[in-house]
1. Of all residues in the stretch 139-164, which are open to solvent by 90 Å² or more (accessible area, probe 1.4 Å) and within 20 Å of Gln97 (Cα to Cα)?
2. Which ones in the stretch 199-213 are of a type in the set (Gly, Ala, Ser), in contact with a helix residue (DSSP H, G or I) (Cβ under 9 Å, 6 or more places away or on another chain) and open to solvent by 30 Å² or more (accessible area, probe 1.4 Å)?
3. Exactly one of these conditions fails for Val238: (1) touching a residue at least 60 places away in the same chain (Cβ under 8 Å); (2) more than 23 Å from the chain's Cα centre (by Cα); (3) open to solvent by 70 Å² or more (accessible area, probe 1.4 Å). Give me its number.
4. Restricted to the stretch 93-112, and to residues that are in contact with a Lys or Arg (Cβ under 7 Å, 6 or more places away or on another chain) and free of Cβ contacts under 8 Å to residues at least 24 places away in the same chain, which residue is surrounded by the fewest Cβ atoms within 10 Å (Cβ to Cβ)?
5. Which of (1) touching a residue at least 24 places away in the same chain (Cβ under 8 Å); (2) over 18 Å from Ala276 (Cβ atoms); (3) open to solvent by 50 Å² or more (accessible area, probe 1.4 Å) does Glu167 not meet, given it meets every other one?
6. Mind checking which residues of the stretch 77-92 are assigned to a helix (DSSP H, G or I) and surrounded by 11 or more Cβ atoms within 10 Å (Cβ to Cβ)?
7. Where in the stretch 110-213 are there strands (runs of 3 or more DSSP E), lying wholly inside it, with at least 3 residues that are of a type in the set (S, T, N, Q) and closer than 27 Å to Asn233 by Cβ?
8. Can you tell me how many residues in the stretch 214-235 are more than 19 Å from Asn161 (Cβ to Cβ), open to solvent by less than 60 Å² (accessible area, probe 1.4 Å) and not in a strand (DSSP E or B)?
Amino acid sequence: MKIKSLLAMAAGALMLASCSTNEGKSIDQLENATAGDSLVYYFGEINGAQYLTTAKNDSTLATEASKQAYIKGVKDGLNSFRPEQESYNRGVMLGLQMARNISSFKEDYNVQLNKQVFIQGLVAALNSDSVQNINDVQKEFNRIMTDFNNNKEKIDQDAANVNLEKEAAKLKLAKINDSLYGGAISRNVGAPIKNGDAVTAKISFTTAAGKELQIPLPTSVKVGARNLPTPLNDALLVLQDGQTGKFATSAFALFGRRSEQFDLQPKDVVIMTITANLDAEQGDNNEQQ
């Protein structure tokens, strides 16, 4: 069944249900339920369960007020659907998408985009006598977006460095560079680690408050490899074979724009505890040198 048909069926069912005050029912309580009723009921249950799963990681969504707002939003969306007006439906979906984008842009870049200017650009393109070259427009869009991203990166990096310096002072960690503080916390036990070495590294990550972070990394790494985050690479170069070190860096230095994937803000401080061992063959070569 096409999703459009399912949405149309769901819209009709919900418009009827919205007239009733007893909207929340188990499927056994539905009188004279048809196969279509069962289908759309389970589709509703699936989406309700998905909402609750998301709410486990965002307590603001778990409140009763948030649940009611969600239900109202679903109703508004379903009731705004017009089966015979595909252009209108496309417009509604774009409007919702842009409203979210504008809100996110304000949060991410501290810039309030003007909804009316977006509409002016949209209408101008629709009313044009000829279709604009999308590649040219996209090129201008990308140019401006690159400027925004570069500016944001500079702001994020400066904030991260300031925050890191303060936290490192509290922990009494020595400065290695602007984005890394720390050093060895065990005695010298082997050959110095250098670029090009193959290393088995046991690494734990925590926040400054001590919360453990689940960050997947390979246990075997090559020092100096392009895919190794710079702070981690620099930390390994401080250590000797078999040594353990404690280091502080920032989420920005480790992950850049991907910080939020690990529930971190770019300015957050990340503590790394690393035990590094040269691979057996590598260790023998370093000793001979």
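1. Result: Phe141, single match.
2. Ala208
3. (3)
4. Of everything passing the filter in the stretch 93-112, Gln112 is surrounded by the fewest Cβ atoms within 10 Å (Cβ to Cβ).
5. (3)
6. Result: Gly77, Leu78, Asn79, Ser80, Tyr88, Asn89, Gly91, Val92.
7. On the way: elements: 175-177, 180-184, 198-207.
Those strands (runs of 3 or more DSSP E) span 198-207.
8. Initially, the stretch 214-235 is screened for residues more than 19 Å from Asn161 (Cβ to Cβ), giving 214-228.
Those still in the list that are open to solvent by less than 60 Å² (accessible area, probe 1.4 Å) too: 215, 221, 223-225, 228.
Applying the additional criterion that residues be not in a strand (DSSP E or B) yields 215, 223-225, 228.
Residues meeting the conditions: 5.
The values are calculated or read from the model by the stated rules, or taken from the named source; none is laboratory data. Computed from a prediction, not measured in an experiment: that's the story for all the values here. Neighbour counts are summed over all protein chains in view; Cβ atoms, including those assigned to glycine, are modelled from backbone coordinates with ideal geometry. For the accessible areas, the whole protein counts, side chains as well, though only heavy atoms, and no ligand, DNA or RNA atoms are used. Shrake-Rupley method; radii C 1.70, N 1.55, O 1.52, S 1.80 Å.
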